[in-house]
Structures are given as structure tokens and as C-alpha cells.
Amino acid sequence: DAFADLKPWSNCAAWAEEYLTAAVEKEIYPDILLQTDMTQAITREEFAAVAVKYYEALTGQTALLDKSKEIPFTDVSAAQEDILIAYQLGVVNGMTDTTFAPNGTLTREQAVTMLGRVVELVETGAIAKGEAGGLALKKGAKQVTFTDAGAISGWAKHYVAYFVSHGVIDGMGNGAFAPANNMTREQAMKVA
């Protein structure tokens, strides 16, 4: 694929290049990340775009915005369709009922939860809320053995376990998951 040879990012860690290339080949690399430094923290808006691309890859369908619904967030414009699509799918939530904080960053547990919600939606047709989130994905999931497993929020545990069980997440290389650390752009693309 000629596009994969172009390397649409400006910088990435050596370990990430194979995952970023795969994301380009699988058409889940969103335009919002073109020519960005992939070692930097991913924003909530950028991650919404990753989540929408991930949903489209898993379903084989284009995710469309229902324009008849009001925009619930005062800090999101109609042009930020990926945020609105991800919200309508139930994959992302606002920071409050009226704000999304598109330029804010995501923690690793928040990002894994959002991608887990995509899988849950595709596999079950619905997304459970709160501590029940990800329970539908629990079947066959391994126990999370990170040294900081106790620091993973209850609403994220089942999603983290799902991705660990499928060999997608292996932590930070020191035995820890670091749930409260920022998720980088390249980490987000690896998980997706």
C-alpha cells in the first residue's frame, strides 16, 4: 500500500512503527493524527476519531452522525463529527453533561474503556454502564496481574482484562499498567 510507505506521522517510538503501519493498512489511522508526534498524549477529540475508525473497522460500516439530535456539549462544534458520532454510539461521555473537553488528554484506563465499549457494542449490541461495563466481555478473560491492578478503576477493570486476555495490552514493561498515566497517540493506535 503506497499510503503506508508515506508514514503519516511526524515522529514515533521505534516499537510503535509496526503498529502504526498496521493501523494505516487496516484503515483505522484517522486523519486528525496526520503528521502528529505519536509519542505525545492523545487528546479526547483525537481519541474519539480513533474509536470511530475502530468501530467502522470492526463492523465494516461507516458510522454516521444523526444530525437530528442536538449537540449536548457547549465546547464541541458540528464540525467535530467524530466526537458526536462516538457520543451517539455511547463510546465516549462528556466530562460533564455540557462539556466534552476535546483538547483534554485521556488516561490509559479511560482510553482502554472507550475501545472496550466499541468491542462491547459490536459484540453485544449495547454498552453496560458503570461497574457493569465490560461484563459482557468477561467470558474467558484472564485475571489482571499488573502490580498496580488495585489502582484500576472498577468501571475499567473488565475492559482492561479483556484486552490483556487477547494479548493487546501488556502494560508498561515494568509489570504495571499505569491506569492514571496519559495514553499516548501511539499507545492508542497499538490497542486499536
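Among the residues in the stretch 84-97, are any of a type outside the set (D, E, K, R), in contact with an Asp or Glu (Cβ under 7 Å, 6 or more places away or on another chain) and at pLDDT 90 or above?
Taking the stretch 84-97 and keeping what is of a type outside the set (D, E, K, R), we get 84-96.
If we keep only those that are in contact with an Asp or Glu (Cβ under 7 Å, 6 or more places away or on another chain) too, we end up with 88.
Restricting the remaining residues to those that are at pLDDT 90 or above gives 88.
Scanning the stretch 84-97, I find at least one residue that is of a type outside the set (D, E, K, R), in contact with an Asp or Glu (Cβ under 7 Å, 6 or more places away or on another chain) and at pLDDT 90 or above, so the answer is yes.
Has the stretch 136-154 got any residue that is small (Gly, Ala, Ser), out of contact with any Cys (no Cβ under 6 Å at 6 or more places or on another chain) and on the phi > 0 side of the Ramachandran plot?
yes
Quick one: is residue 126 among the aliphatic types (A, V, I, L, M) and surrounded by fewer than 12 Cβ atoms within 10 Å (Cβ to Cβ)? Lay out the reasoning, then the answer.
On the way: among the aliphatic types (A, V, I, L, M): yes; surrounded by fewer than 12 Cβ atoms within 10 Å (Cβ to Cβ): yes.
Yes; evaluated as a whole, the condition is true for this residue.
Limited to the stretch 164-192, what total is found for residues that are of a type in the set (Ser, Thr, Tyr) and within 16 Å of the chain's Cα centre (by Cα)? It would help to see each step written out before you state the result.
Pass one, the stretch 164-192, residues of a type in the set (Ser, Thr, Tyr): 165, 184.
After this cut, where a residue has to be within 16 Å of the chain's Cα centre (by Cα) as well, the list is 184.
Selection size over the stretch 164-192: 1.
Among 142, 190, which is the only one that is farther than 23 Å from residue 90 by Cβ and either among the hydroxyl-bearing types (Ser, Thr, Tyr) or in contact with a Leu (Cβ under 9 Å, 6 or more places away or on another chain) (or both)?
190 is the lone residue from the list that is farther than 23 Å from residue 90 by Cβ and either among the hydroxyl-bearing types (Ser, Thr, Tyr) or in contact with a Leu (Cβ under 9 Å, 6 or more places away or on another chain) (or both).
Can you name every residue in the stretch 67-81 that is closer than 22 Å to residue 101 by Cα and open to solvent by 60 Å² or more (accessible area, probe 1.4 Å)?
Initially, the stretch 67-81 is screened for residues closer than 22 Å to residue 101 by Cα, giving 67, 69-81.
Within the stretch 67-81, 67, 69, 70, 71, 74, 78, 79, 81 qualify.
Looking at (1) open to solvent by 20 Å² or more (accessible area, probe 1.4 Å); (2) over 30 Å from residue 174 (Cα atoms); (3) modelled with pLDDT of 90 or more, which is the one condition that is false for residue 110?
Here residue 110 meets the rest and fails (2).
From the list 142, 157, pick out the single residue that is without any contact (Cβ under 8 Å) to a residue 60 or more places away in the chain, part of a loop (DSSP other than H, G, I, E, B), open to solvent by 40 Å² or more (accessible area, probe 1.4 Å) and charged (D, E, K, R).
142
Inspect all residues belonging to the stretch 68-88 and state whether any of them is acidic (Asp, Glu) and under 19 Å from residue 27 (Cα atoms).
Checking the stretch 68-88: at least one residue is acidic (Asp, Glu) and under 19 Å from residue 27 (Cα atoms).
Does the stretch 177-192 hold any residues that are in a loop (DSSP other than H, G, I, E, B) and at pLDDT 90 or above, and which are they?
177, 178, 179, 180, 181, 183
Would you mention how many residues in the stretch 78-94 are touching a Lys or Arg at 6+ places or on another chain (Cβ under 8 Å) and in contact (Cβ under 8 Å) with a residue 40 or more places away in the chain?
2
What pairs can you find where one residue is in the stretch 4-33 and under 23 Å from residue 62 (Cβ atoms) and open to solvent by 70 Å² or more (accessible area, probe 1.4 Å), the other is part of a loop (DSSP other than H, G, I, E, B) and among the aliphatic types (A, V, I, L, M), and their Cβ atoms are less than 9 Å apart, with a gap of 6+ or different chains?
If the second residue must be part of a loop (DSSP other than H, G, I, E, B) and among the aliphatic types (A, V, I, L, M), the pairs left are 26/192.
Those residues that are under 19 Å from residue 100 (Cβ atoms), touching a residue at least 60 places away in the same chain (Cβ under 8 Å) and not basic (Lys, Arg), I need them from the stretch 49-66; list them, please.
Residues satisfying the conditions are 50, 51, 54, 55.
Which numbered condition in (1) assigned to a loop (DSSP other than H, G, I, E, B); (2) buried (at least 17 other Cβ atoms within 10 Å of the Cβ); (3) at pLDDT below 95 is the only one that residue 54 fails?
Among (1) assigned to a loop (DSSP other than H, G, I, E, B); (2) buried (at least 17 other Cβ atoms within 10 Å of the Cβ); (3) at pLDDT below 95, the lone unmet condition for residue 54 is (1).
What's the total number of residues in the stretch 96-139 that are part of a loop (DSSP other than H, G, I, E, B) and free of Cβ contacts under 8 Å to residues at least 40 places away in the same chain?
Keep residues of the stretch 96-139 that are part of a loop (DSSP other than H, G, I, E, B), which gives 96-104, 106, 125-129, 133-134, 138-139.
After this cut, where a residue has to be free of Cβ contacts under 8 Å to residues at least 40 places away in the same chain as well, the list is 96-99, 125-129, 133-134, 138-139.
Summing the residues that are part of a loop (DSSP other than H, G, I, E, B) and free of Cβ contacts under 8 Å to residues at least 40 places away in the same chain in the stretch 96-139 gives 13.
The values are calculated or read from the model by the stated rules, or taken from the named source; none is laboratory data. Nothing here was measured: the structure is a model prediction, and the numbers come from that model. Neighbour counts are summed over all protein chains in view; Cβ atoms, including those assigned to glycine, are modelled from backbone coordinates with ideal geometry. Each accessible area value is taken on the protein alone, full model and side chains, heavy atoms only, with ligands, DNA and RNA left out. Shrake-Rupley method; radii C 1.70, N 1.55, O 1.52, S 1.80 Å.
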